[in-house]
Amino acid sequence: MDMTPRSLAAIAGATSAAVALGTAEAVAALVADGRSLVVSVGDGVVDGSGAWLARPAIELLGSANKPTLLTGIVVVSLAVGALAGIGARRRAWVGPVIFAAFAALGVLAAGEDPLADRSQAAVAAGLGAVAGAAVLWFLLRLLSASATSSMAATAVAADASTGAGPIAGTGPAPAVLDPAAGGANRRAFFGWVGVAGATAGALAVAPRTWGRQSTAEQARETVVLPGVDEPPAVAEPEVADLSSYITPNDDFFRIDTALVIPDVDPAGWSLTIDGMVDRPFEIGYDELVERSTTVAPVTLACVSNLVGGHLVGNAVWQGVPLGELLAEAGVDPAATQIVGRSVDAFTVGFPTEVAFDGRTALVATAMNGVPLPRRHGFPARLVVSGLFGYVSATKWLSQIELTTWEGYDAYWVPRGWSKEGPILVQSRIDTPTTRSVRAGTVPLAGVAWGPGVGISRVEVRIDEGPWMEAELGETLSDDTWVQWYLPWEATPGQHDVEVRATDGLGDTQTSERSPTAPSGATGWHLRTIDVFAD
Ligand SMILES: Nc1nc2c(c(=O)[nH]1)N[C@H]1C(S)=C(S)[C@@H](COP(=O)(O)O)O[C@H]1N2
Ligand SMILES: [Mo]
């Protein structure tokens, strides 16, 4: 394959950038803090992207977008490395300067990242930059040697045909004046590119994979929860593919801005309760667990959930009532807002009265009978009935600060979401799961939930016909969703199935469709089903 010197220099540059990233990753993984610079930069992108990206990102960042963002950062880094390679071909100083600038960017991002340590990041970024610049210098030297020798080879050939003398001033004397030497050097170049690339990959992956086990996971396995009465099992409609009343932890949706799940060692962790309180205090993990004797099933919903979506789940939470902890601190009557802050500086904000109006509001340490899974907030999180997660459910909780309603806007508020986030009455059709079904009795079933007041009625209609009341499953409290079920005598043809719920206060779900931003999607879930004859 014939490649221009430019593209070879670009390859050298991209390879060097890979070495720089790999070195920084390895150093980061091996030092105590272990925070990846790529992740810090990614978090910077997430937090800094503001309203223009945040709205679509809140949903996407929950799942597929996280690897995409991290991959994107790596790809951009390699592309910048390629440009550095091209630039450094003519002006050698370009390489070190670009690598230094890149390292500075990483350190800046780490400085903004509450989970990173700036000086450790500086060491990782600095060593990465030095390694990258050195590899670039080495690869470009190989290239110039190869260019010189092939030029010399051409000169020798020209010499032979024209009989003219050797051309002077073509640079340092080539090692071998052999027409094949250029190819040999090029092979050496690609050999070294391969070695450097493989080393970069190994550096990036190996220390993380084999280096350290999650301290949070190790600690989690030794936690002994206080004995509590298990909530009784509820009778559930026996319909295949209907969501179970309690969502198993492994199936529970995950939404947060964290690119890497915070790895919190509970031994070094405490929850601070401060701000507008008389007696600010800290409570450690062991005491919090010991006092986690309140058990409450609560349905948690995300404001980004589309009508019919799955960013909602129901779990049995175990923890300490928020009001109890706040009473110990003595809340200033002027403190109208509770701000829940996480170890990664995410914040929620909700009215103080929520902690005292009798609803379920917990600092939770356990979920469905086990210590909080890491992805759901280990060591502790907030769970508040009736409020969307983005205003209430801080995971990896580190601080509860009392302030005024006007005094602070939590994470998603300046990013275009409403300051108050009550859950809206919603209902979802789970079954049939397929678009087409066989005529006959078809079980229609799903779940419905309201803002802490329960659901009094779920109705279904076919092709805008009369509303038919569905049968409701049992619930443990008004804080949870309810399963609904209605057998449908499906006749051949295409049919529209719609569902609507009425909450415990008698308010029926609105048919008006609104998007998720700024206060949550509304409208009835509609499924179009093709019914085919036997
Ligand atoms: N630390 C932290 N806590 C967070 C978030 C976050 O981004 N960071 N997202 C919130 C949002 S928007 C929702 S919907 C819930 C989701 O909780 P889950 O992932 O346990 O389902 O977590 C909340 N708590
Ligand atoms: Mo959310």
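The values are calculated or read from the model by the stated rules, or taken from the named source; none is laboratory data. Only a predicted model underlies this, so the values are computations on that prediction, with no experimental measurement involved. In this analysis, Cβ positions are derived from the backbone assuming ideal geometry, glycine residues included, and neighbour counts consider all displayed protein chains.
Data overview
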| read-out | value |
| --- | --- |
| PRO297 crowded, with 19+ Cβ neighbours inside 10 Å, in contact with a Ser or Thr (Cβ under 9 Å, 6 or more places away or on another chain), over 23 Å from GLN337 (Cα atoms) and at pLDDT 95 or above | yes |
| Tally of residues being in contact with a Phe, Trp or Tyr (Cβ under 9 Å, 6 or more places away or on another chain) and within 14 Å of ligand 1 (Cβ to nearest atom) across segment 389-412 | 10 |
| Of all residues making up segment 279-301, the number that are in contact with an Asp or Glu (Cβ under 8 Å, 6 or more places away or on another chain) and under 18 Å from TYR390 (Cα atoms) | 2 |
| Count of residues meeting criterion [within 16 Å of ligand 1 (Cβ to nearest atom) and of a type outside the set (S, T, N, Q)] in segment 229-265 | 16 |
| Residue list for segment 485-525, filter: more than 31 Å from the chain's Cα centre (by Cα), of a type in the set (Gly, Ala, Ser) and assigned to a strand (DSSP E or B) | ALA490, GLY493, ALA501 |
| Some residue of segment 315-331 being in contact with a helix residue (DSSP H, G or I) (Cβ under 8 Å, 6 or more places away or on another chain), under 25 Å from ALA448 (Cα atoms), within 13 Å of ligand 1 (Cβ to nearest atom) and not hydroxyl-bearing (Ser, Thr, Tyr) | yes |
| Residue check, ALA345 surrounded by fewer than 24 Cβ atoms within 10 Å (Cβ to Cβ) and more than 10 Å from ligand 1 (Cβ to nearest atom) | no |
| Complete set of residues in segment 288-303 that are of a type outside the set (Gly, Ala, Ser), in a strand (DSSP E or B) and within 16 Å of ligand 1 (Cβ to nearest atom) | PRO297, VAL298, THR299, LEU300 |
| Test: residue in segment 408-427 that is part of a strand (DSSP E or B) and buried (at least 24 other Cβ atoms within 10 Å of the Cβ) | yes |
| Selected residue (only one of VAL482, VAL460 is under 30 Å from PRO232 (Cβ atoms), aliphatic (A, V, I, L, M), within 31 Å of the chain's Cα centre (by Cα) and away from ligand 1 (no atom under 16 Å from the Cβ)) | VAL482 |
| Residue pairs meeting the criteria (Cβ under 7 Å; at least 6 apart or on separate chains; first over 22 Å from TYR245 (Cα atoms), in segment 407-435; second of a type in the set (Phe, Trp, Tyr) and surrounded by 19 or more Cβ atoms within 10 Å (Cβ to Cβ)) | TYR411/PHE346; TRP412/TYR390; TRP417/TYR390; GLY421/PHE388; GLY421/TYR390 |
| Those strands (runs of 3 or more DSSP E) lying entirely in segment 304-406 with at least 2 residues more than 16 Å from ligand 2 (Cβ to nearest atom) | 312-321, 337-342, 361-367, 397-403 |
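The rows are residues; the columns are (1) closer than 30 Å to VAL354 by Cβ; (2) charged (D, E, K, R).
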{"site": "ARG415", "(1), (2)": "yes, yes"}
{"site": "SER418", "(1), (2)": "yes, no"}
{"site": "SER427", "(1), (2)": "yes, no"}
{"site": "THR433", "(1), (2)": "no, no"}
{"site": "VAL437", "(1), (2)": "no, no"}
{"site": "VAL442", "(1), (2)": "no, no"}
{"site": "TRP449", "(1), (2)": "yes, no"}
{"site": "GLY454", "(1), (2)": "yes, no"}
{"site": "TRP467", "(1), (2)": "no, no"}
